[in-house]
Amino acid sequence: MTTYTIPEFSTDRLLLRAPKLADLPRVTEFFASERSHIVGGPLNAREASRAMMQIYGMWALRGHSFWYIADKATDIFLGWTGIINGPAWDEPELGWTVVEEAEGKSIAFEAATAARAYAATQLGYDGVISYIAPQNSRSATLAKRLGASFEREGELLGHDVHVYRHPKVGAAA
Amino acid sequence: MSFGAQNIPTLTTERLTLRALGAQDFAPLCEFYASDRSKFVGGPATAEATWRNLAGEIGHWALRGYGRWAVEETATGKLAGVVGPWNPDGWPEAELGWDLMNGFEGKGYATEAARAARHFAYTELNWTTAISLVAIDNDASAALALRLGCSEENERFTHERHGTMRVFRHPNPEAVI
């Protein structure tokens with residue numbers, strides 16, 4: 001028998017939780033959009049569902065991965081955030097992605113702040129990096145708002161990236 | 001509050017242990033996916049893609065309640081293959097799949113593991129039928145399907161990563177349980 005656990009917790013407005021099959025239509029809609037090209041899209045329905053399965057498996061393999069961000073009141077899928085550390089990664093990364101409707105409401109900020117605090121206090125990953133595509137100015141703005149600063153240019157999976165370094169947030173976060 | 005992922009059961013056969021895939025299987029899977037032998041199952045693939053494939057195998061259990069196992073050679077503890085029920089979104093219907101790692105061919109392991117997996121699917125998952133998809137040029141896998149009593153269907157299934165595959169239908173539960 002093998003078991004693993006995906007912790008779930010809430011912030012003021014959001015729930016960070018495991019993916020659900022009920023999220024799949026919205027996840028597929030996101031991956032069908034031009035917006036998803038930053039995170040490897042566009043992808044069709046079957047690849048979108050594969051991405052969802054992989055999130056579960058990463059929790060089992062690493063003890064961390066992405067949470068889906070859901071609206072606390074309605075449980076509607078808004079994006080994802082969490083720590084990813086694939087074989088091609090230099091070190092554990094804090095990532096975030098939100099759907100278009102979640103833009104401009106500080107949702108990514110609220111979720112990423114909570115995920116970063118969890119990583120620092122529960123996983124021992126403090127002062128993590130975020131990989132940001134050079135053209136993704138919105139994400140760079142959010143990184144800076146989170147207190148991260150540009151560290152270096154890098155490369156990930158064949159793409160040029162900017163590496164941002166987060167401040168240590170430790171137990172105080 | 002937390003999500004507790006589904007328990008993944010372990011099955012044993014005469015020579016094999018079918019257990020949950022885990023981090024220890026990454027290295028042998030990389031070797032398989034780096035080799036030409038993986039060309040029938042979407043390979044060759046990079047380490048990054050292999051890691052995601054491995055994560056996807058484990059995640060299939062969480063979303064479907066079943067999935068494929070690591071097939072361990074009991075005597076040595078080595079990963080001999082990945083076998084089991086598979087039906088991700090967009091699949092034509094519930095399938096029994098098998099991949100044999102490099103160096104474990106010709107021992108009857110895939111047959112032994114696939115029989116155990118089919119028995120599980122028919123008795124524990126209550127499947128009433130099952131198919132196996134075999135890449136067009138994968139003669140060894142087609143021969144295995146026939147050894148398991150499958151018959152080939154007329155239609156084929158085309159997948160963007162796996163290419164065009166032959167569809168083999170397994171005998172019904174009453175014939176093999």
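The values are calculated or read from the model by the stated rules, or taken from the named source; none is laboratory data. What you see is a predicted model, and the numbers here were worked out from it, not measured in a lab. Every residue, glycine among them, receives a Cβ derived from its backbone with ideal geometry; neighbour counts consider all protein chains shown.
Against the list (1) in contact with a Ser or Thr (Cβ under 7 Å, 6 or more places away or on another chain); (2) at pLDDT below 95; (3) surrounded by fewer than 21 Cβ atoms within 10 Å (Cβ to Cβ); (4) not aromatic (Phe, Trp, Tyr), the condition B:Ile8 fails is (3). All told, B:Tyr122 falls short of being more than 14 Å from chain A (Cβ to nearest Cβ), of a type in the set (Ser, Thr, Tyr) and within 24 Å of B:Phe26 (Cβ to Cβ).
Only a single item in (1) within 12 Å of chain A (Cβ to nearest Cβ); (2) under 27 Å from B:Gly108 (Cβ atoms); (3) assigned to a loop (DSSP other than H, G, I, E, B) is not met by B:Glu14, and it is number (1). Mind listing just one residue for me: the one in segment A:11-41 that is within 13 Å of chain B (Cβ to nearest Cβ), modelled with pLDDT of 85 or more and not in a helix (DSSP H, G or I) and, of those, surrounded by the fewest Cβ atoms within 10 Å (Cβ to Cβ)? Only one residue tops the list, namely A:Lys20. Where strands (runs of 3 or more DSSP E) fall wholly inside segment A:56-173, the ranges with 1 or more residues that are in contact with a helix residue (DSSP H, G or I) (Cβ under 7 Å, 6 or more places away or on another chain) and among the aromatic types (Phe, Trp, Tyr) are A:66-71, A:77-84, A:93-98, A:159-165.
Scanning segment B:39-61 for residues that are buried (at least 24 other Cβ atoms within 10 Å of the Cβ) and among the hydrophobic types (A, V, I, L, M, F, W, C) turns up B:Trp51, B:Leu54, B:Ala55, B:Ile58, B:Trp61. Within segment A:41-74, the residues that satisfy the criterion of being touching a residue at least 60 places away in the same chain (Cβ under 8 Å) and in contact with an Asp or Glu (Cβ under 9 Å, 6 or more places away or on another chain) are A:Trp67, A:Lys72.
Within segment A:152-167, restricting attention to residues that are modelled with pLDDT of 95 or more and exposed (fewer than 13 other Cβ atoms within 10 Å of the Cβ), the residue that is nearest to A:Ile83 (Cα to Cα) is A:Glu155.
For segment B:150-162, the criterion of being in contact (Cβ under 8 Å) with a residue 24 or more places away in the chain and farther than 22 Å from B:Ala45 by Cβ is met by no residue.
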